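A.B. asks: Below: one structure in structure tokens.
The values are calculated or read from the model by the stated rules, or taken from the named source; none is laboratory data. Just so it is clear, the model here is predicted, and its values are computed rather than measured. Because the Cβ atoms are built from the backbone with ideal geometry, glycine has one as well, and the counts that use them run over all protein chains shown.
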Protein chains: 2
Amino acid sequence: MKVAYLLYPGFTALDVVGAFQVLAAAPGLESVFVSHEAGPVVDSTGLFPVRARQGVHDVQDADLLVVPGSDRSGAPDDLLVDWLRLVHPSTSWAMAAGTGSLYLAAAGLLAGAEAATHWSAAGNLAGYGVTYSDRRLVRAGNVLTSAGASAGIDLALALLDLSHGPAVAQTVQLILEYDPEPPYDAGSPAKAPADIDEEGRAYYADVRPPSADRQRPGAR
Amino acid sequence: MKVAYLLYPGFTALDVVGAFQVLAAAPGLESVFVSHEAGPVVDSTGLFPVRARQGVHDVQDADLLVVPGSDRSGAPDDLLVDWLRLVHPSTSWAMAAGTGSLYLAAAGLLAGAEAATHWSAAGNLAGYGVTYSDRRLVRAGNVLTSAGASAGIDLALALLDLSHGPAVAQTVQLILEYDPEPPYDAGSPAKAPADIDEEGRAYYADVRPPSADRQRPGAR
């Protein structure tokens, strides 16, 4: 079973590594790192470059597609979006962590569906005809999307549950000792105190400026 | 504030990246990657090499120390253990994810204390005069240890809570949208069903063979 990770400059390292560490602990999965062309691709911090072993022209199919998010602004890269469109028919499952869902949306894989993304990009899905959901994990057919960075671990486990069954998903969860215990219950805009929510928005203000049509995720 | 990440061949990528992604979202932290000498250090899978910018001889102090775990067997590296011993007096906090605690234990930083580690290494702390705890996060003075791989995120948030206060810890949790939702409650030996526990042990059997003195973590 071939897992293709799509890399592009500015990807969030935890989105890739979180999903990878889960999937790599399952039996029989081969990992392929794909980008424009073979070579190192820098993450958002520049400290965790990952080497793409193959360029998009070398990979025509995959069983599982994994698309990480990014905390940079800007539209998805056209060449990579075209590649997703090309490869998608061959895949059993596609998953995107955080704003990786914007790539899947741009490729038309989520048309008319609901999808998750990082809360700061909640307003960016509508332009692709996709409805933002503030649920952590969202399934639309064979496409799975999730909330921000840390959700890649949850999402990859959910994907293993679908692709390999509950015994493998649980065994991998145990192997990684994934029994989360965050010190606070502040991990989503709906749960964070108002002043923390304000701080979080300030952090992303330069990346994804608030716009009139932007919904406050978690607002009811 | 200088955060020094100790790298050694075979480290678990998620231990480093999970902690890093949390700490890098806090204001005013500078990251330093340290190993035997400057150069790339390969992780357990070989796919996420991280470049050590500095060798141990170039770094004499740090405010925060971060030591990742590994799923390889073998004793901690003497040179790196000596370096931990040298640097520790200058640090405000030290943290280890998973079996990184064996490094801190070997350096004498946990003598007579309780510590967490990956469940598969529960039997390996006693030789250093350290008592294994099956809690996810354990604090012994200014040294924090945690359970396996995925716990590095929890631990780094707990550390930020201590070093920067609750507002920063919660804001970073929101930035990373860390609102975990694992599909199963199987992330520790005490919680996993017996057959899953068996599978998990089989996975680690080659790395850390069961021994007579090895306790079953979670057993009461």
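A.B. asks: Determine, yes or no, whether A:PRO89 is in contact with a Gly (Cβ under 8 Å, 6 or more places away or on another chain) and either modelled with pLDDT of 95 or more or crowded, with 24+ Cβ neighbours inside 10 Å (or both).
C.D. replies: Working: in contact with a Gly (Cβ under 8 Å, 6 or more places away or on another chain): no; either modelled with pLDDT of 95 or more or crowded, with 24+ Cβ neighbours inside 10 Å (or both): yes.
When the stated conditions are applied, A:PRO89 does not pass them.
A.B. asks: Can you pull out every residue in region A:7-19 that is out of contact with any Phe, Trp or Tyr (no Cβ under 7 Å at 6 or more places or on another chain) and among the hydrophobic types (A, V, I, L, M, F, W, C)?
C.D. replies: Quick first cut of region A:7-19, residues out of contact with any Phe, Trp or Tyr (no Cβ under 7 Å at 6 or more places or on another chain) only: A:8-12, A:14-15, A:18-19.
Passing the criteria: A:PHE11, A:LEU14, A:ALA19.
A.B. asks: When residues of region A:18-42 are filtered for being at the interface with chain B (Cβ under 7 Å from one of its Cβ atoms) and in contact (Cβ under 8 Å) with a residue 60 or more places away in the chain, how many remain?
C.D. replies: 2
A.B. asks: I would also like to ask the following. Looking at B:SER146, B:SER73, B:SER120, which is the one that is among the hydroxyl-bearing types (Ser, Thr, Tyr) and in contact with an Asp or Glu (Cβ under 7 Å, 6 or more places away or on another chain)?
C.D. replies: Numbers: B:SER73 fails: in contact with an Asp or Glu (Cβ under 7 Å, 6 or more places away or on another chain); B:SER120 fails: in contact with an Asp or Glu (Cβ under 7 Å, 6 or more places away or on another chain).
From the options B:SER146, B:SER73, B:SER120, the qualifying one is B:SER146.
A.B. asks: I need the full set of residues from region A:116-152 which are part of a helix (DSSP H, G or I) and under 10 Å from the mean Cα position of the chain (by Cα), in order please. Working first, answer last.
C.D. replies: Quick first cut of region A:116-152, residues part of a helix (DSSP H, G or I) only: A:119-124, A:126-128, A:151-152.
Of everything in region A:116-152, those that are part of a helix (DSSP H, G or I) and under 10 Å from the mean Cα position of the chain (by Cα) turn out to be A:ALA151, A:GLY152.
A.B. asks: Could you list, in sequence order, the residues of region A:27-41 that are modelled with pLDDT under 95 and of a type in the set (A, V, I, L, M, F, W, C)?
C.D. replies: Listed by number, the list holds a single entry, A:LEU29.
A.B. asks: Looking at region A:171-198, which of its residues are over 17 Å from B:GLY69 (Cβ atoms), at the interface with chain B (Cβ under 7 Å from one of its Cβ atoms), in a loop (DSSP other than H, G, I, E, B) and hydrophobic (A, V, I, L, M, F, W, C)?
C.D. replies: Correct list: A:ALA186, A:ALA192.
A.B. asks: Return the pairs, sorted by first residue and then second, in which the second residue is hydroxyl-bearing (Ser, Thr, Tyr) and part of a loop (DSSP other than H, G, I, E, B), the first residue lies in region A:191-210 and is free of Cβ contacts under 8 Å to residues at least 40 places away in the same chain and crowded, with 17+ Cβ neighbours inside 10 Å, the beta carbons are less than 9 Å apart, and the residues are 6+ apart or on different chains.
C.D. replies: Close Cβ pairs satisfying both conditions: A:ALA192/A:TYR184; A:ILE196/A:TYR184.
A.B. asks: Also: Please go through region A:9-24 and pick out each residue that is buried (at least 23 other Cβ atoms within 10 Å of the Cβ) and either of a type in the set (Phe, Trp, Tyr) or farther than 15 Å from B:PHE48 by Cα (or both).
C.D. replies: Going through region A:9-24, the residues buried (at least 23 other Cβ atoms within 10 Å of the Cβ) turn out to be A:11-23.
Listed by number, the residues that qualify are A:PHE11, A:PHE20.
A.B. asks: Okay, moving on. Within region A:124-141, track down each residue that is in contact with a strand residue (DSSP E or B) (Cβ under 9 Å, 6 or more places away or on another chain), closer than 17 Å to A:GLY187 by Cα and of a type in the set (D, E, K, R).
C.D. replies: Those that are in contact with a strand residue (DSSP E or B) (Cβ under 9 Å, 6 or more places away or on another chain), closer than 17 Å to A:GLY187 by Cα and of a type in the set (D, E, K, R): A:ARG135, A:ARG136.
A.B. asks: Further question: Considering each residue of region A:154-170, count those that are touching a residue at least 60 places away in the same chain (Cβ under 8 Å) and not aliphatic (A, V, I, L, M), and give that number.
C.D. replies: 2
A.B. asks: Might you check whether a residue that is within 12 Å of chain B (Cβ to nearest Cβ), over 21 Å from A:VAL34 (Cα atoms) and modelled with pLDDT of 95 or more occurs anywhere in region A:101-117?
C.D. replies: Pass one, region A:101-117, residues within 12 Å of chain B (Cβ to nearest Cβ): A:116-117.
Narrowing the set further to residues that are over 21 Å from A:VAL34 (Cα atoms) leaves A:116-117.
Imposing the further condition that a residue be modelled with pLDDT of 95 or more reduces the set to A:116-117.
Yes, because at least one residue in region A:101-117 is within 12 Å of chain B (Cβ to nearest Cβ), over 21 Å from A:VAL34 (Cα atoms) and modelled with pLDDT of 95 or more.
A.B. asks: Any chance you could count how many residues in region B:1-17 are within 24 Å of B:LEU176 (Cβ to Cβ) and either away from chain A (no Cβ under 14 Å) or in a strand (DSSP E or B) (or both)?
C.D. replies: So the answer is 7.
A.B. asks: If only one of A:ALA121, A:ALA94 is more than 7 Å from chain B (Cβ to nearest Cβ), in contact (Cβ under 8 Å) with a residue 60 or more places away in the chain and touching a strand residue (DSSP E or B) at 6+ places or on another chain (Cβ under 9 Å), which one is it? Give the steps one after another, and end with the answer.
C.D. replies: Numbers: A:ALA94 fails: in contact (Cβ under 8 Å) with a residue 60 or more places away in the chain.
Only one candidate passes the filter, namely A:ALA121.
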